[in-house]
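Here the structure comes first, spelled out in structure tokens, and everything after it is commentary.
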Amino acid sequence: MNKAAEKMECGLCPHGCRLAPGQKGLCGTRINQEGTIHSISYGQITSLALDPIEKKPLYHFCPGSYILSLGSFGCNMKCPFCQNHEISQKGMEVVQGQLSPADLRDIALKTAREGGSIGVAFTYNEPLLNYEYLLEVAPLLKECGQKVVLVTNGQIMEKPLGRLLPHVDAMNIDLKVFSEDGYKWMGGDFTTVKNTIAASVRAGIHVELTTLVIPEVNDEPAMMEEEAKWIRSLDKSIPLHLSRYFPRYRLRTEATPITVLEKLQTVAGKYLDYVYLGNV
Ligand code: SF4
């Protein structure tokens with residue numbers, strides 16, 4: 001059979017989309033183009049800003065510094081409360097421009113000279129979907145002494161993750177909820193995120209974790225206790241950020257009471273050295 005007419009499997013994330021010729025994956029960023037999986041979002045930029053590193057959030061990695069932060073479009077999860085749905089659930093129509101790996105390196109170096117940036121954070125939408133771009137640009141940045149930071153949902157298979165990790169300095173990984181059912185509701189896979197966190201820690205990457213606390217989704221102390229125990233089993237000095245949810249996108253549940261966040265901070269703090277509250 002002609003390869004160009006066959007279905008192709010994208011092995012990047014746990015969805016494992018089998019794509020007919022011309023068909024896009026669930027993330028909207030990858031397509032079967034004449035028998036190969038092609039990244040539509042390669043080098044496509046929707047936002048570029050110089051942010052404090054604490055905004056990622058990373059509190060224990062180069063504190064007080066600034067980092068050039070870049071977003072593209074698309075996501076392989078479908079969280080009904082997405083804070084960045086204007087780019088994560090959209091396509092090429094939201095693109096502002098294109099940057100080759102060399103272009104981005106040059107902008108990063110200029111921003112380092114003129115704005116004191118320490119490197120580039122791939123953030124705002126799900127950066128791992130731009131996998132081929134990351135594999136090219138991250139080594140270029142590191143050769144020039146620039147830091148490479150990923151802010152990610154961790155939904156990537158172990159093999160492609162393993163190729164990328166040597167080029168990454170720090171990650172903030174969402175641990176959105178500590179249950180398989182919760183991840184299913186958000187269109188993701190619980191085992192995969194745990195594997196990504198564990199592999200990144202094992203690889204010596206600086207890792208911080210974020211849980212957006214949503215009423216009736218992940219605000220039970222017992223669930224937080226399980227989460228904190230699991231993080232501790234990797235390393236009790238991994239910082240955990242408990243972020244306050246506000247109604248966004250399709251979810252209309254009221255904002256998380258601060259008292260709930262404080263309670264969960266106390267619970268997690270029994271097991272972990274650093275538990276921070278965000279968005280409060
Ligand atoms: S990266 Fe996109 S196309 Fe590939 S398996 Fe995941 S959702 Fe499907």
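The values are calculated or read from the model by the stated rules, or taken from the named source; none is laboratory data. What you see is a predicted model; the values in this text were computed from it and never measured. Cβ atoms come from the backbone with ideal geometry, glycine included; neighbour counts cover every protein chain shown. Quick note on the areas: whole protein, heavy atoms, side chains included, nothing else; ligands and nucleic acids left out. Shrake-Rupley method; radii C 1.70, N 1.55, O 1.52, S 1.80 Å.
Among the residues examined, Thr196 qualifies as closer than 19 Å to Ser179 by Cα, among the hydroxyl-bearing types (Ser, Thr, Tyr) and in a helix (DSSP H, G or I). Among the conditions (1) open to solvent by less than 30 Å² (accessible area, probe 1.4 Å); (2) closer than 26 Å to Ser243 by Cα, the only one that Lys78 does not satisfy is (1). Restricting Asn172, Asn130, Asn125 to residues that are under 24 Å from Ile31 (Cα atoms) and outside any helix (DSSP H, G or I) narrows the list to Asn125. The requirement of being under 19 Å from the mean Cα position of the chain (by Cα) and surrounded by fewer than 18 Cβ atoms within 10 Å (Cβ to Cβ) is satisfied by Pro160. Residue pairs whose Cβ atoms lie under 7 Å apart, sitting 6 or more positions apart in sequence or on different chains, and linking a residue in segment 133-152 that is without any contact (Cβ under 8 Å) to a residue 60 or more places away in the chain to a partner that is aromatic (Phe, Trp, Tyr) and surrounded by 24 or more Cβ atoms within 10 Å (Cβ to Cβ), are Leu134/Phe122; Leu150/Phe122. All conditions but one from (1) away from the ligand (no atom under 13 Å from the Cβ); (2) surrounded by fewer than 20 Cβ atoms within 10 Å (Cβ to Cβ); (3) more than 27 Å from Gly204 (Cα to Cα) apply to Gly64; the one that does not is (3).
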